[in-house]
Amino acid sequence: MLKIDELEKKWYRYKVKKTVLPMVSVVLSSVVFGGGYYLYDSKSNIFSPTSNKISKVVLGVSKEMNDSEVKEVLTLDTAKKELEAVSLEPIIPVIDMEKEERIKQTKKYVKKASTHKVNRHTVKAKANQYLTASELSVMAKAEKVKVVKPHVTKKMSFQTTSVNYIDTMKEKFSRTGKSRDALLLSRAYFKEGNFKEAEQWALSANKLDSKSEESWFLFAKSKAKLGKKKEALKILISYYKKSHTAKTKELIGQIKTGKI
Amino acid sequence: MKLILFIMMTTSFLFSSNLSTLYKFYEKQEYKKACSYATKYFYKKANKNSEKYLTLYGLSCLETDKIDRIAIPMVRLNSTKDARANASYFSTILLQKQLLLQALIDNKAIADLHLPQTNFVLSKIFSLYINKKFILKNSVYKFQDEKKENIKYQLYIEEAKKNKKYMIIDIYKDDKFIHRYRYE
């Protein structure tokens, strides 16, 4: 029995040695390797280009460095160069304008359609009867336009102020014998349409004062009205040769064209 | 059937974007208009989720004085490779601006910093500043563009009312003033 107990104890020790020792060795080796890697990793972080404070120190003692440190500084320089080379540029999107325009148009149509649709349950607001400021300004403008309308001159039919005008003028002329009175009588007869009398009175006025332009004109006009256009033109041309006035020229033109 | 069609039509336009208008502004180099337009319609779900809209939003505001606005589209640009590149671009510029502001106002030492470079003018100035390639005269930093000889920059702080400070970047071409950025 004793032998069996001893054997069991021996077997137990053997089992422990067989299982625990390899486990311990694995744990130890992993600790060693892990620790080593951690140290290496933390070291590489210290010399990384992101930490400016450390990099300065490293750059400052570059002459006294060993081979591994020189390698690290070299990697630092390349990293810096890479960093400097990073240049960003915007990427401008390509836009299908035709498609966008189509969307816009459909939007417009839908909007129009939706505005026409009236819900039967909605109560229509009473139309506003007040005029807005813009409407009032339009009204004012319209009124202004009315005011600005071109003034139509009323044609007045000539009537002598006095029924006895010609008689009184004849009396006056007989008293004074002035060319002006004769001219006024000629004008009055011409306006009445009595061209014969007008011609005679114009002639008598011209005899008294040959320089009076109006006597020449009334004489010629009366002649023309009586159908003696050639004579009228002759008279006016002879007068034009003396006076060279624009009015005479104009009257010649009017008789020639038949306006008078 | 009609009802379904109607619903489909209405919902489709609800999710459509203002992209074409924004792009037209950007194309015409009307950056101020583009920036304010993009800010105005950012609230729409379609625009918020449109990578193109967000990029144009950022690029437009980048060219204006309201550069801080690029932060809004920047944080949402993360779904694709291009979007992430643009987000990095915006964030770099914004960071550089903030650092320059800190350096100029608070005398913060930023000479040892190494940030990515971009083609944007602020980024160029940042790079010239940290490399100390400037002439300092009367609190005005004068820079010479490294690639273009006829381009010069001036960087300084302008003090406005209520102790408000602005960072000014003036660009000169052939010694003629051509553009000013005024950052808060």
Using Cβ contacts closer than 10 Å as the measure, can you line up A:TRP201, A:TRP11, A:TRP216 from fewest to most? A:TRP11, A:TRP216, A:TRP201
Percentage, to the nearest whole number, of Cα pairs in the stretch B:47-154 over 17 Å apart: 57 percent
Across chain B, where is the longest run that never hits trypsin sites (Lys or Arg not before Pro) in a DSSP loop with at most 15 other C-beta atoms within 10 Å? B:29-107
Give the separation of the Cα centroids, the stretch B:133-173 to the stretch B:27-72, in Å. 26 Å
For the stretch A:165-257, what is the Kirkwood estimate of the hydrodynamic radius, computed as the reciprocal of the mean inverse distance between distinct Cα atoms, to one decimal in Å? 13.1 Å
For the stretch B:2-131, whose charge dipole is built from +1 on Lys and Arg Cβ atoms and -1 on Asp and Glu Cβ atoms, the candidate among B:ALA34, B:ILE125, B:ILE67 with its Cα farthest towards the positive end is B:ALA34
Membrane-span-like helices (DSSP H runs, Cα span along own axis at least 20 Å, mean Kyte-Doolittle at least -0.5) in chain B -> B:81-106
Starting with the fewest neighbours, write out B:SER91, A:SER174, B:SER60 ranked by other beta-carbon atoms found within 10 Å of each beta-carbon. A:SER174, B:SER91, B:SER60
In debye to the nearest 20, the charge dipole size for the stretch A:165-257, taken about the Cα centre with +1 at each Lys and Arg Cβ and -1 at each Asp and Glu Cβ, equals 380 debye
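Values quoted throughout were computed directly from the atomic coordinates according to the rules given, and no laboratory measurement underlies them. What you see is a predicted model; the values in this text were computed from it and never measured. Don't worry about glycine lacking a Cβ; one is built from the backbone with ideal geometry, like all the others, and counts go over all protein chains shown.
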